[in-house]
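For reference, the structure is listed below as C-alpha cells.
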Amino acid sequence: MKYQNILTGTFIERPNRFIAYVEVGGKKERCHVKNTGRCKELLIPGAKVVLSVSDSPSRATAYDLVGVYKEKMLVNIDSQAPNKVIADSIRRIPGFEHIEEIRPEHTYGDSRIDFFAKSGDVKKLVEVKGVTLENNGLALFPDAPTERGLKHVKELEASLKDGYEACIIFVIQMRGPTVFSPNYEMHEEFALEVEKAHASGVRVLAYDCEVMNDSISLGNPVKVKLRDHS
C-alpha cells in the first residue's frame, strides 16, 4: 500500500492513545496516532516519525502518525496497514494461491473475522494481526493484553468444526526480525490459545514487511516459535 503526502518529524509526547504531539518544521503539531497499542518502546521523545498529511481540511488533526524509526529500522505503526497488505498479496501465501473469492469483515460466531476466502468448495477464514513490538530480532504480539485477539483465536478454532480452514497471519510491520512468538509475558492466555489453535489445525503464520516512508508491502515468511514447538 502507498501513502500520499508524506513528511517526517520528531516525536514529543503522546498524552493518550489517539493523539501525539510532534515537531514538524520547528512547530509543535497535534497528530492522530493510527495505532491504539502501547508502542512504548517506539514512541519515545526525540524519535524520528513518519507522518501522512490528512486530505480532510475539516479534521481536527492535520497529520496521521504512521511510522517510527527505531534507530535505523523503520516500523510502520498504522493499524490498518496489515489488512491492506494481506488483501494486496494474499495469493503469494502458500495455500491461498488459487482462491477464487476473498471478502473482508466476515461474521463468524460473535466475531468479525478479517477475511473470508473460497477456493472451490473450500472455505477459509483468515485473521490478521499487526506486529510492532521487536526485541533483539524477536517479533512479539501483543504489546498489551488483547481480549479481542483472544476471542478471535477461539473463533478460528471453533470454525474448524464447521468445515472451514482457518489461519492467523501475524504481519510484522518492519524488516529485521527473524523469529516471531506470541508474547507469553504480556498475555499468557492469548499465547497459550494460539498454541491450542495451532495444535487443533489452525495455521499460524508470520511475515515481515518491506517498509518505506511512503509504502508498506508484504515481505518474507518469518519462523513462528511456540513453546511447545520448535
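What follows draws every value from the coordinates through simple rules; no lab data is involved. On a predicted model such as this, the values are computed, not experimentally measured, just so you know. So basically every Cβ, Gly included, is an ideal-geometry build from the backbone, and we count neighbours across all protein chains shown.
Quick notes on this structure:
- Cβ crowding within 10 Å ranks 27, 223, 48 as 27, 223, 48, fewest other Cβ atoms first.
- Value of relative contact order over the range 81-224, rounded to a whole percent, pairs C-alpha under 8 Å and six or more apart: 21 percent
- The range 6-76: proportion of alpha-carbon pairs further apart than 19 angstrom, %: 22 percent
- Full-stretch length increase - residue 16, residue 122 - with 0.36 nm per residue and alpha-carbon distance subtracted: 33.8 nm
- With at most 16 other Cβ atoms within 10 Å, longest stretch of the chain clear of loop chymotrypsin sites (Phe, Trp or Tyr not before Pro) (DSSP): 19-183
- The ranking of 202, 49 from fewest to most other beta carbons within 10 Å of each one's beta carbon is 202, 49.
- The range 89-177: C-alpha gyration tensor shape, a/c 1.5 cut-off, then a/b vs b/c: oblate
- Residue with peak Gaussian network fluctuation, the chain [Cα springs, cutoff 10 Å], from 196, 118, 161: 161
- Shape call, the range 77-125: gyration tensor on alpha carbons, a/c limit 1.5: oblate
- In whole percents, the pair-distance distribution calculated for the chain from its alpha-carbon pairs, binned every 10 Å from zero, is 8, 32, 34, 20, 6, 0.
- Comparing Cα centroids, the range 1-35 and the range 37-110 end up 15 angstrom apart.
- Summary: within the chain, the longest segment free of GluC sites (Glu not before Pro) located in DSSP loops with at most 12 other C-beta atoms within 10 Å is 101-184.
- Cα shape, the range 113-230, gyration tensor, a/c 1.5 rule: oblate
- Rounded to 5, percent antiparallel among DSSP beta bridges of the range 81-224: 50 percent
- With contributions of -39500 (n - 2.57) from each DSSP H run of at least four residues, the per-residue ellipticity at 222 nm computed over the chain stands at -5000 deg cm²/dmol.
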